[in-house]
Each structure stands twice: as C-alpha cells, then as structure tokens.
Amino acid sequence: MKALTFTGPWELDLADRPDLHVTGDDDVVVDIAYCGVCGTDLGIASGAYPVAVPGVTLGHEAAGVVAEVGAGVGTVAPGDRVVINPTPYCGRCRMCRTNRINHCERKHGTESGVSYDGAFAGRYRTTSAFTHRVPDRVPLRAAALTEPLSCVVTGVRRIQPASLAMNTYVIGAGPLGLLYAWMLSLRGLTPTVVERSPARLDFARSRLPAGSRAIPHLRGDEELDIVVDTTSHLLEELLPRMAPGGTFMSIGLKERIASIDTMLIGDRSLTVVGSIDSLHGSFEEAFHLIASGRVPAERLISHTVPLADYRKGFAALGCDLDARRLGPAPEASCKVLLMPGEHVA
Ligand SMILES: [Zn+2]
Ligand SMILES: [Zn+2]
C-alpha cells in the first residue's frame, strides 16, 4: 500500500509499505477512503509542530470501509463503513483516572499520524473501541470531519459564557475556525469569524451559521469577550484588549513565544484556556451533529484529491512543500481530504 510518511521537516514521502492485516483479536483493519489534512499535518510537515516521529505515516481524520476484523470483534464486520477515532487512551494512567483521557500517558505518543502510523495510507489498523459505524445515509466524506469536530466539541465545553450576548470572535476561517463558529453557535453564541485571506473569507461567508458574519480584520474598537484563536499568533496582541470577564482560547499548534502582562489576568478576571483532542464522549457528540445535519460538515470540504496528489492538497492550504514555505492559504480552501483508496466507497 502507499503511505504518506514524514521523514523530516519539509520532507514527506509517498512510500510503499506492506499491507496491514489483523494481528490481535480486537484489531480492526480499515481500507481508508478519505483522510483530512489538518493544521497539525501542516505544522509537522513544515517543522513548526516538532512532535512527529520521523518515518511515521501522517493522517488522523479518517473514514473508510472495514477490511478485516480480529476473532473477538463483534461491533463491526468487513464491509462496514466506519469512522476512526485516532486518539486512544489506556483508562489506567493518572491522566485517564483523573478525567483527562485526552492527555493519556500511554497512548504510545500523542496521536496516531503523529507518533505512530496514521491514515494517509491504503490501510489503517486500530481496535474495535476506536471504530464507529457510519449509517448508509451519511457520506463517508462528511464522516471524515468527525475528529476535528470532536476536538472543537472538547474546546467549546471549556468556554463558559456569562451571557449569550458576549461578543465572540473566531480568528481564522480554516476548518477548525468554521467548526468552532458552528459549535459556538449551537451553544447559543453569535460568533464573528476573522480571516485575512480574501479567498478564504469568501468561502467562509456562505458557510456560516445563521447570524454569524465573517470580516477581514478586527477593528480597534471591538469589545472582545470571547476569542478563539486558531492561529497561535494573537495572544500577545489581543490579551490586552480582552474585556473584563473575557475568555481567550488558544488552540493553534505552532510554536510561538508571547509576552503578556499577568496582572491583566487577575485584574480583569480573564480566562486563558487551551484545548486539544477528544474527551468524554466528544467523538460521539461530533458524529451525531454531523449525521443529523446540525453541522454541515460536507459543505466545509473545499478539495478532495487522490493521495498521490498530496502536494496539491497541502499547497491549497498554504503549505508549499516544493518552495518549503508555510503561509496564508492562496486559494479558497477549507477542509482538504486526501483519498488513499479511490476504489473505497
Ligand atoms: Zn487534526
Ligand atoms: Zn491513560
């Protein structure tokens, strides 16, 4: 099978790897149909998120069709359409036993597609607890957005607005930005999305929840009650502008050193909060919201390209692997899906 592997910053390789098969009783092997390109993948590819293990297959937002199951698996069978939860946890370590399974100490690294082989490949091997059946009426393309939405469900739970009238901003109209806009809206807030790329702004405008708007930049006089920064870049600039009782959430995964006045945090009762990964049923909640149409996942997909054309897919998101440059998205891109198996329905 083909697998998109990380060999070092700016070095991705479409490698030939042996086909995966079941090795344990609880194993499930999935033929991957779609796997989304995540900001994490761009960060890894460009060296900005220095966590990936060289040699690893990238990709963690996948859906496909079950190819093989171990003898003890009763929940899914070959031929079933499934979506994959790429964030295993042990249930026994200190993090798991204190309700922080997203930071499990024994998920052999941080996440599949980062520290062990992920799903930008013809096949992916996992276990039964981390595969979820997708009903026929739900397109696999849409199901592939379950993992990023699950991360957003986790994040939005950490924002406790004092009032639904709070001025809410999401910085960045990439997939996470738009998914945050939808989840904050489902929670009753009315987020404004801020995006400096005109092409992305255009794409976002017709895909926002009712009442939300998209603008090219913040004005100097906006009163900021809740800010979700998907870029990693704006804490230093925006924290001094946060209104009392406000919440600044940072979810980007790019290294950035910021200098902030800690007095502001106490003096203005500010909350600075981060969030990552799936937690306590967020994956099921995300899948429900996609399957029920409450979040229009499929409309957030801008590109679907064969795995062999991964350079095009990454370039659409501003990650130019040839020029070794990571910048703003040059075109109207949002969620880009790679197709490892064009034969998989
Ligand atoms: Zn991701
Ligand atoms: Zn654990």
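What follows is calculated from the coordinates using simple rules that are stated; it is not laboratory data. These figures come from a predicted structure and were not determined experimentally. So basically every Cβ, Gly included, is an ideal-geometry build from the backbone, and we count neighbours across all protein chains shown.
Observations on the model:
- Sorting Val228, Val305 from the fewest to the most surrounding beta carbons within 10 angstrom yields Val305, Val228.
- For the chain, Kirkwood radius (reciprocal of mean inverse C-alpha pair distance, Å): 20.5 Å
- Gaussian network model of the chain, Cα within-10 Å springs - most flexible of Gly274, Gly246, Gly266: Gly266
- When the chain is treated as a GNM with alpha-carbon contacts under 10 Å, the residue of His288, His217, His233 showing the greatest mean-square fluctuation is His217.
- Cα-Cα pairs of the range 93-240 separated by more than 23 Å (percent): 48 percent
- For the range 159-274, the direction-averaged projected area of the alpha-carbon convex hull comes to 6.9 nm².
- The lysines whose alpha-carbon is closer than 19 Å to the alpha-carbon of Lys312, local same-chain residues fewer than 8 away aside, are Lys2, Lys335.
- Shape box of the range 158-214 [Cα atoms, principal axes, largest first, Å]: 34, 20, 16
- For the chain, built as a Gaussian network whose Cα springs stay under 10 Å, the top-fluctuating residue of Glu255, Glu147, Glu68: Glu255
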